[in-house]
Amino acid sequence: MASENNEARSEEMRRKIALVTGITGQDGSYLTEFLLEKGYEVHGLIRRSSNFNTQRINHIYIDPHNADKALMKLHYADLSDASSLRRWIDVIKPDEVYNLAAQSHVAVSFEIPDYTADVVATGALRLLEAVRSHTVDSGRTVKYYQAGSSEMFGATPPPQAETTPFHPRSPYAASKSLRIGTPLTTARPTSPRRGENFVTRKITRALGRIKVGLQRKLFLGNLQASRDWGFAGDYVEAMWMMLQQDKADDYVVATEESHTVEEFLEVSFGYLGLNWKDHVEIDKRYFRPSEVDNLKGDASKAKEVLGWKPKVGFEKLVKMMVDEDLALAKREKVLVDAGYMDAQQQP
Ligand code: GDP
């Protein structure tokens, strides 16, 4: 009896273990910070690349030689390599798996559709199968989170909720729409860590450089597309909350506000006292073969069931991104002025 109690207590006190795919991406880096803060040990799967791609998590990386402090651990694997996924799950024995890995750029998915489907659709299937076979063989329970995308709703008019039919408009969206019985969340997260070729970050990055005189023009495509942009840091909290529920389910997480690319330009350039019309030029190459006009989520269920709500609104998000990218541009300016960087070098 005493030893049973001890076992129960040590199980309760044991650090929870999370496995995160896509840990080097925007959402993966915020999720890792959040889980470490909650006392988790976080394992991330990273792809081999000749250039290091860990910039977003370098600030939380602790040398593994400092073993008791290094609670984030990185392992080489790939969603296109089923054996690597199963092996790491057996070794890590996670309590929770978060699948955030993807080729997530919509426009690029038209250029590399086969690869996009392989990583996004079949990759999710490989990971799920690795989790399923691991649980069968070990008798363990593993909770699994699958990142969906608001792009899955595509041409379906807003507001988009859990029951809204999917109408994908790109290879990326079609790949995310593969349903395998797993619950999904759908959102459009952005932040100062957003990839530089997504429109929000592309704008704030260029704006910072324009403000300090490193760049004059910004080339964009369709300014009338409207998106429900929310702060990635808010969304990772919702991901975790979903896995703390007894029953797996689908949730839409959203700010429930939609803004056009043009509105993003107005607010961001206005914040630095500039007029976007003096700098933005339209370039046909950034128009998509098929466009998603308007995404605006209905997050009532997440609010009601999870008690989740976003903390950062549109203006605050835009200003947060502009502030960080202005600081970055100022650092670049120092390098340019000292002759260590070419001013023409575009982000
Ligand atoms: P998405 O919501 O995943 O497609 O994220 P993006 O940031 O790539 O694009 C959001 C919207 O901005 C889409 O409707 C694009 O057509 C539009 N957009 C307009 N100009 C640009 C551009 O220069 N780059 C990108 N990436 N998107 C643009």
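The values are calculated or read from the model by the stated rules, or taken from the named source; none is laboratory data. Quick caveat, the model's predicted, so the values are computed rather than measured. Cβ atoms come from the backbone with ideal geometry, glycine included; neighbour counts cover every protein chain shown.
What is the number of the single condition among (1) under 23 Å from Asp114 (Cα atoms); (2) modelled with pLDDT under 90; (3) more than 15 Å from the ligand (Cβ to nearest atom) that Thr186 does not meet?
(3)
Somewhere in region 171-179, is a residue without any contact (Cβ under 8 Å) to a residue 40 or more places away in the chain, under 26 Å from Arg132 (Cα atoms), of a type in the set (S, T, N, Q) and surrounded by fewer than 21 Cβ atoms within 10 Å (Cβ to Cβ)?
Yes, there is a match, as at least one residue in region 171-179 is without any contact (Cβ under 8 Å) to a residue 40 or more places away in the chain, under 26 Å from Arg132 (Cα atoms), of a type in the set (S, T, N, Q) and surrounded by fewer than 21 Cβ atoms within 10 Å (Cβ to Cβ).
This table checks each residue for (1) farther than 27 Å from Tyr172 by Cβ; (2) surrounded by fewer than 16 Cβ atoms within 10 Å (Cβ to Cβ); (3) of a type outside the set (Val, Ile, Thr).
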position: Phe269; (1), (2), (3): yes, no, yes
position: Arg288; (1), (2), (3): no, yes, yes
position: Gly297; (1), (2), (3): no, no, yes
position: Leu326; (1), (2), (3): yes, no, yes
position: Lys333; (1), (2), (3): yes, no, yes
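Would you check which residues across region 299-309 are part of a helix (DSSP H, G or I), among the hydrophobic types (A, V, I, L, M, F, W, C) and crowded, with 17+ Cβ neighbours inside 10 Å and list them?
Ala302, Leu306
Ala107 fails exactly one of the following numbered conditions: (1) under 12 Å from His43 (Cα atoms); (2) crowded, with 16+ Cβ neighbours inside 10 Å; (3) modelled with pLDDT of 95 or more. What is the number of that condition?
Of the numbered conditions (1) under 12 Å from His43 (Cα atoms); (2) crowded, with 16+ Cβ neighbours inside 10 Å; (3) modelled with pLDDT of 95 or more, the odd one out for Ala107 is (1).
Which one of these does Met242 not meet: (1) within 16 Å of the ligand (Cβ to nearest atom); (2) surrounded by 14 or more Cβ atoms within 10 Å (Cβ to Cβ); (3) assigned to a helix (DSSP H, G or I)?
So the condition that Met242 fails would be (1).
Any chance you could count how many residues in region 250-292 are part of a helix (DSSP H, G or I), over 20 Å from the mean Cα position of the chain (by Cα) and either more than 9 Å from the ligand (Cβ to nearest atom) or hydrophobic (A, V, I, L, M, F, W, C) (or both)?
The qualifying residues number 13.
Take the residues in region 50-68 that are of a type in the set (Val, Ile, Thr) and assigned to a helix (DSSP H, G or I); name whichever of them is nearest to Gly39 (Cα to Cα).
Residue satisfying both the conditions and the ranking: Ile60.
When region 195-217 is examined, which residues are found to be more than 8 Å from the ligand (Cβ to nearest atom) and either on the phi > 0 side of the Ramachandran plot or of a type in the set (A, V, I, L, M, F, W, C) (or both)?
Scanning region 195-217 gives Ile203, Ala206, Leu207, Ile210, Val212, Gly213, Leu214.
Looking at region 207-240 only, could you name the residues that are more than 23 Å from the chain's Cα centre (by Cα) and within 25 Å of Gln160 (Cβ to Cβ)?
Gln224
Quick one: Val142 ticks every box in (1) surrounded by 23 or more Cβ atoms within 10 Å (Cβ to Cβ); (2) over 25 Å from Val318 (Cβ atoms); (3) aliphatic (A, V, I, L, M) except a single one, so which number is it?
Looking at each condition in turn, Val142 falls short on (1).
Within region 97-132, can you find the residues that are touching a Phe, Trp or Tyr at 6+ places or on another chain (Cβ under 6 Å), of a type outside the set (A, V, I, L, M) and away from the ligand (no atom under 13 Å from the Cβ)?
Hit for region 97-132 is Tyr98, nothing else.
Scan region 293-310 and report the pairs whose first residue is within 16 Å of the ligand (Cβ to nearest atom) and whose second residue is hydroxyl-bearing (Ser, Thr, Tyr) and modelled with pLDDT of 95 or more, with Cβ atoms within less than 8 Å and a gap of 6+ or a chain change.
Between residues of region 293-310 that are within 16 Å of the ligand (Cβ to nearest atom) and residues that are hydroxyl-bearing (Ser, Thr, Tyr) and modelled with pLDDT of 95 or more, the close pairs are Asp293/Ser226; Asn294/Ser226; Asn294/Ser258; Leu295/Ser226; Leu295/Ser258; Lys296/Ser226; Lys296/Ser258; Gly297/Thr255.
Residues of region 224-235 being within 16 Å of the ligand (Cβ to nearest atom) and either of a type outside the set (A, V, I, L, M) or over 20 Å from Lys319 (Cβ atoms) (or both), which ones?
Listed by number, the residues that qualify are Gln224, Ala225, Ser226, Arg227, Asp228, Trp229, Gly230, Phe231, Tyr235.
Pick from region 167-183 the residues that are more than 9 Å from the ligand (Cβ to nearest atom) and in contact with a Phe, Trp or Tyr (Cβ under 7 Å, 6 or more places away or on another chain): which of them is modelled with the highest pLDDT?
Step by step, filter region 167-183, then rank; the result is Pro171.
Restricting region 273-328 to residues that are touching a helix residue (DSSP H, G or I) at 6+ places or on another chain (Cβ under 8 Å) and of a type in the set (Val, Ile, Thr), which is farthest from Tyr251 (Cα to Cα)?
For region 273-328, the residue satisfying everything is Val280.
From the list Glu162, Glu151, which one is away from the ligand (no atom under 13 Å from the Cβ), in contact with a helix residue (DSSP H, G or I) (Cβ under 8 Å, 6 or more places away or on another chain), charged (D, E, K, R) and closer than 25 Å to Lys303 by Cβ?
Criteria check complete, one pass: Glu162.
Could you say which residue among Met321, Met341 is in a helix (DSSP H, G or I) and of a type outside the set (Asp, Glu)?
Met321
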